[in-house]
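What follows draws every value from the coordinates through simple rules; no lab data is involved. All figures in this text were calculated on a predicted structure; none of them were measured in a lab. Positions of Cβ are backbone-derived with ideal geometry, glycine not excepted, and every protein chain shown enters the neighbour counts.
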Amino acid sequence: MKLLKPQVQLFKVENDDLSFDYYLHVITFFDETNVVASGHGNIPQNLMSHEDINIEVYFSNTDDYPLSALTPIVHYVPLGRRDFGTDNPFIKVTLLKKYENGNISSSENIKPVHTTVADAEDDSRPVLY
């Protein structure tokens, strides 16, 4: 396990009309306890099936005193109903820091992570109706 490297898992849920809804589950480990998930950027909606999808997920620091301990932050990103057909686009996830004033910055030591639609797993969580 590496610090500041998002672990990305892509899930798909089949709908009644045999289309799929896709979700990203992103876990990132930090070495301090004063870090929280701060949402994600806009999800591109009008993509051609072969176009890559770029997703930004944000973290921020709290005012708490940082303790030196392994701390996971979790992002759950609904990508919506997609029809990728036989194409296999990349999904690129970039972790960015979000400040209280809304500014966003990147770090050279945090590299984007890629996954593909072919790696999507069926969602195994129980569904409540």
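Antiparallel beta bridges, as assigned by DSSP with both residues in the chain, represent about 75 percent of the total such bridges. Shown is the FRET efficiency for LYS97 and VAL74, computed with R0 = 25 Å from the Cβ-Cβ distance and rounded to the nearest 0.05: 0.90.
Shown here: the chain, whose C-alpha atoms stretch 50, 32, 28 Å along the first, second and third principal axes, sorted largest to smallest. The lysine pair count for the chain, using Cα distances under 24 Å and pairs eight or more places apart or on different chains, is 12.
Spin-label model, VAL36/PHE90: points 7 Å from Cα along the beta carbon direction are separated by 3.3 nm.
Assuming 0.36 nm per residue, please report the length gained on full extension of the stretch ASN15 to SER106 beyond their Cα-Cα distance. If you can, show how the numbers build up before the last one.
On the way: separation 91, 0.36 × 91 = 32.76 nm, distance 3.64 nm.
Once the chain is fully extended between ASN15 and SER106, it gains 29.1 nm.
Net charge dipole, segment 7-122: roughly 280 debye, given to the nearest 20, about the Cα centre with Cβ charges of +1 for Lys and Arg and -1 for Asp and Glu.
Compared with the alpha-carbon gap, the fully stretched path from LEU3 to ASP119 is longer by 39.5 nm at 0.36 nm per residue.
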